[in-house]
Amino acid sequence: MQRIHSEPILSSIRNHDLEDPQSPMSFPHPSLNAHKPAHLIQKLRVALRGDPLLNSPRFNKGTAFSPKERKALGLHGRLPYRENTLEHQCERAYEQLQARDTAIRKNTFLQSLRDQNWTLYFALLQRHLKELVPVIYTPTQGDAIASYSHLFRKPDGLFLTFKEIDRMEEEFLEQTRGKEIDLVVCTDAEAILGIGDQGVGGIGISTAKSAMYTLIGGLDPSKTLAVMLDVGTNNEQLLNDPLYVGWPHRRVTGEDYDKFVDKFVQLVRKYYPHSLLHFEDFGVNNAYRLLHKYRETHAAFNDDIQGTGAVTLACIMAAIGVSSRSSAASTGKAQGSRLSDQRYVIFGAGSAGMGIAVQVRDAMITADGISRKEANRRFWLIDREGLLYDHTGEEVKHNQEWTEAKAEFVRPFEEGWGKSAQSGSVGLLETVKKVKPTVLIGCSTAAGAFTEEVVKAMDQGLTNGEKPIIMPLSNPSRLVEAQPVDIMKWTEGRALVATGSPFGTVEMKVGGKDKSFRIAECNNALIYPGLGFGAILAQSRKVTDSMLIAGAQRLARLSPAIEAAPSKDALAKSSDAVYEYNGEALLPDFAAAPQVNYEIGVAVAQQAVVEGTASSDWLKRSGSADDLADSEVRDMMLDEVRERAERKVWVPVYAEYEYDPNGVSD
């Protein structure tokens, strides 16, 4: 595998330099497991024989056990004669899967396969990634979670219940004792996949998220722990269901809730201080509160907040790179090449919209060196009541209409918003006309909100050769703020578009020429598994903003649109240089997600080492800050990160087994 000297160092981030001349990387035909050299897949000594071995999903190979292994491990007579390769097994399993005629039946089949053979399960998913991720994750997993108590067959994960809080440590240790845990995914199931409170069924999102970390992030499944924090449910249907398997009690809140969650977090910190703690599908208020409560004392992460923000940030960075090159080619001068040069209108100020605003704002502060107050002024947020603006002239912090997070983005009274509006409400079109945004993001689930008039007003407001960056991110696709084909038509092919759902390619004529525009899918899974892998690889004490930025920058560098564009230096040096955006996607295709996330993980771990948040083991090896200032020492450490990543990453291939009574058994 080629060496890639990515440099997630803040001095390079500050310039939003997406050029990486040493690392041209694209994945038009991603090869399986390319990031795991074969010599690192070592022989495994196992202490299991016979039926216990075949019943272990971690070690079971089924018909792929070799004749030598069958003899040594007591498997003769327990398996049919012929040995199969993993490829043969995947072919058979896929054939069986296709016989299931509904998505939920396919989901159930895959759950059963996972219970039998982890390697085969992940190998099958890897070979049919784009087809099967929607089956094991959203949207199909949502249906499985909603029916959990009626589909229940076998428990999977750790169930901690408020009613049994006194036994929490005992139950935690019973399931984890003697194990090395890198990742803990927990949920209280209050806000599952857009379908709300699902009680104990929420364990399904913890297991699915853990599986995604393995499938796309390369985490060893034996080192992940899925946790359900059962604090009750307010779902009346579940409370009245005699088959409901969770604690049939209304949700615990307030101080009791906080004590329960804190006891769990302290157990994770006590027994697995270097693990990543992933909070998933908590209600919006608890999600923000818990993340900020624990992120300074442990490597804590919330995908709904940070993952959404990070992948959107990467997409924006790539789009800025394209737009600034376009303006340089048309006007001779690059316009708006920094995050802080943009004007952002975010339509939808819920958890997703706020997560994006906060992530981009924080990146702007870190990357461009501007103040928090200056960064906040680059945003115009619109919720269901209209633009967030101060219409009283009083201190915003005393205004109870806004949460503390939203209050930072409220437009000041002095700007005079709403003077001409009869109701005092300022809508999207008026905001766009006045602000002339360079970036328009939709997180509203208000289908069709980005009308032709809104999109044309944005396009016409940009007069320096910039391209309008328009991101209707609402899911599912029926709730998208505008169809990509309409956006491209209304802007005559000038817009840079990314969506929250897959939309494929827009074919149209531009200037009399046939053009194809690949619409990027702003999918969290393009980044959060890599962020997690990097934090775990570095054994980082916390997940910092600069680590998130390093991951986002690495993803932006892998943008097909950036890879196809000439460098800024080339455009600046040559008066004859011509650049025409030819419709390349702003983000890599999801089929390349494992390779992309591996690169993101390396970049995140390198950033953790350089900034000093990595474990003491890393810091001892890297020396002092003065040592790292030496480019030779720093390059050696960054190379070591990549070497450790190659050893750490888990891939679904069979290792050779030897029997050893003192070997591994769990």
- Note on the structure: residue 587 fails exactly one of (1) more than 26 Å from residue 179 (Cβ to Cβ); (2) at pLDDT 95 or above; (3) hydrophobic (A, V, I, L, M, F, W, C); (4) in a helix (DSSP H, G or I), namely (4)
- Message: Return the residues of segment 463-486 that are over 20 Å from residue 342 (Cα atoms) and either part of a strand (DSSP E or B) or without any contact (Cβ under 8 Å) to a residue 60 or more places away in the chain (or both); say none if nothing qualifies.
- Response: 477, 478, 479, 480, 482, 483, 484, 485, 486
- Could you run through segment 278-299 and say how many residues are surrounded by fewer than 24 Cβ atoms within 10 Å (Cβ to Cβ) and in contact (Cβ under 8 Å) with a residue 24 or more places away in the chain? 11
- Task: Tell me which of these residue 498 doesn't satisfy, since it passes every other one: (1) outside any helix (DSSP H, G or I); (2) surrounded by fewer than 21 Cβ atoms within 10 Å (Cβ to Cβ); (3) in contact (Cβ under 8 Å) with a residue 12 or more places away in the chain.
- Result: (2)
- Residues that are at pLDDT below 95 and more than 22 Å from the chain's Cα centre (by Cα), drawn from segment 342-360: none
- Message: Pull out all pairs, ordered by first then second residue, where Cβ-Cβ is under 7 Å, the residues are six or more apart or on different chains, the first lies in segment 189-205 and is touching a residue at least 60 places away in the same chain (Cβ under 8 Å), and the second is part of a loop (DSSP other than H, G, I, E, B) and among the aliphatic types (A, V, I, L, M).
- Response: 202/189; 205/193
- Item | Search result, residues across segment 213-234 that are in contact with a helix residue (DSSP H, G or I) (Cβ under 6 Å, 6 or more places away or on another chain) and assigned to a helix (DSSP H, G or I) | 213, 214, 215, 216, 217, 221
- For residue 136: the one exception among (1) buried (at least 20 other Cβ atoms within 10 Å of the Cβ); (2) over 17 Å from residue 528 (Cβ atoms): (2)
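Residue-by-condition table, conditions (1) modelled with pLDDT of 90 or more; (2) loosely packed, with under 14 Cβ neighbours inside 10 Å; (3) touching a strand residue (DSSP E or B) at 6+ places or on another chain (Cβ under 7 Å); (4) in the same structural domain as residue 315 (by TED's automatic domain parsing):
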| position | (1), (2), (3), (4) |
| --- | --- |
| 416 | no, yes, no, yes |
| 419 | no, yes, no, yes |
| 425 | no, no, yes, yes |
| 428 | yes, no, yes, yes |
| 435 | yes, no, yes, yes |
| 438 | yes, no, yes, yes |
| 442 | yes, no, yes, yes |
| 451 | yes, no, no, yes |
- Has segment 311-319 got any residue that is within 30 Å of residue 186 (Cβ to Cβ), assigned to a helix (DSSP H, G or I) and small (Gly, Ala, Ser)? yes
- Every residue from segment 202-245 that is of a type outside the set (A, V, I, L, M) and more than 22 Å from the chain's Cα centre (by Cα): 230, 232, 233, 234, 235, 236, 237, 240, 241, 242, 244
- Within the group 154, 179, which residue is at pLDDT below 95, touching a Lys or Arg at 6+ places or on another chain (Cβ under 8 Å) and outside the structural domain of residue 351 (by TED's automatic domain parsing)? 179
- Query: Can you find even one residue in segment 154-175 that is of a type in the set (Lys, Arg) and either buried (at least 20 other Cβ atoms within 10 Å of the Cβ) or within 13 Å of residue 204 (Cα to Cα) (or both)?
  - Reply: yes
- Message: Being without any contact (Cβ under 8 Å) to a residue 12 or more places away in the chain, outside the structural domain of residue 244 (by TED's automatic domain parsing) and over 26 Å from the mean Cα position of the chain (by Cα): is that true of residue 71 here?
- Response: yes
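The values are calculated or read from the model by the stated rules, or taken from the named source; none is laboratory data. Only a predicted model underlies this, so the values are computations on that prediction, with no experimental measurement involved. No Cβ is skipped: glycine too gets one built from the backbone with ideal geometry, and neighbour counts run over all protein chains shown.
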